[in-house]
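Notes for the one structure printed next.
The values are calculated or read from the model by the stated rules, or taken from the named source; none is laboratory data. Because the structure is a prediction, the values reported are computed rather than measured. All Cβ positions, glycine included, derive from the backbone under ideal geometry; neighbour counts span all protein chains shown. SASA here: full protein model, heavy atoms, side chains in, ligands and nucleic acids out. Shrake-Rupley method; radii C 1.70, N 1.55, O 1.52, S 1.80 Å.
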Amino acid sequence: MTTRDVALVQQLLDLRKPYFTLGDLEKILGQQRPSLYVTLNRLVNYGVLTRLRRGVYQAAMQTPALPRIANALVYPSYLSFESALSRFGILSQAPLALTFATSRRSQRLTLGDTAVEFHQLKADLFFGYTLVDGLYVAEPEKALLD
């Protein structure tokens, strides 16, 4: 790792963002897309950046905040179902995937090695969640109802 890579990591950590898109990194690095892809591949290979999914990166020294990242990638959404119940200690087993409720179309994606599922709810059922540490989470009763 070069001193330039160390400076880049420090610059990314100073922004206090949980993840960076191609547009963010294009502005930060001041490169056009073709050369940006080469630079990003080099930074991932050197372990400076972690590729969470196509076009979404995280500084390798950051602790993964995958629920917050998933919550920001698909907006509006909130952590619910078995993921929220496990978080509240109602379920004793940890779920295999992070599960969110959304008013948008249902979808699945992978962030790093973690599966993330978004289940569509009717607009009139999209309520009963609060913001906790930068993450929208269903209240325990609502997670059970979802």
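All of Thr99, Thr114, Thr39, Thr50 fail the test of being open to solvent by less than 90 Å² (accessible area, probe 1.4 Å), in contact with a helix residue (DSSP H, G or I) (Cβ under 8 Å, 6 or more places away or on another chain), in contact (Cβ under 8 Å) with a residue 60 or more places away in the chain and of a type in the set (Val, Ile, Thr), apart from Thr50. If you check Arg87, Arg104, Arg108 for being among the charged types (D, E, K, R), open to solvent by 40 Å² or more (accessible area, probe 1.4 Å) and either without any contact (Cβ under 8 Å) to a residue 24 or more places away in the chain or touching an Asp or Glu at 6+ places or on another chain (Cβ under 9 Å) (or both), only one passes: Arg108.
For Val9, the criteria (1) open to solvent by 40 Å² or more (accessible area, probe 1.4 Å); (2) modelled with pLDDT under 90 hold in every case but one, which is (1). All conditions in (1) assigned to a helix (DSSP H, G or I); (2) within 25 Å of Asp14 (Cα to Cα) hold for Asp124, with the sole exception of (2).
When residues of the range 10-20 are filtered for being in contact with a helix residue (DSSP H, G or I) (Cβ under 9 Å, 6 or more places away or on another chain) and not in a loop (DSSP other than H, G, I, E, B), how many remain?
3
Total residues in the range 1-36 satisfying the condition of being in contact (Cβ under 8 Å) with a residue 24 or more places away in the chain and either within 21 Å of Ala70 (Cα to Cα) or among the hydroxyl-bearing types (Ser, Thr, Tyr) (or both): the figure is 8.
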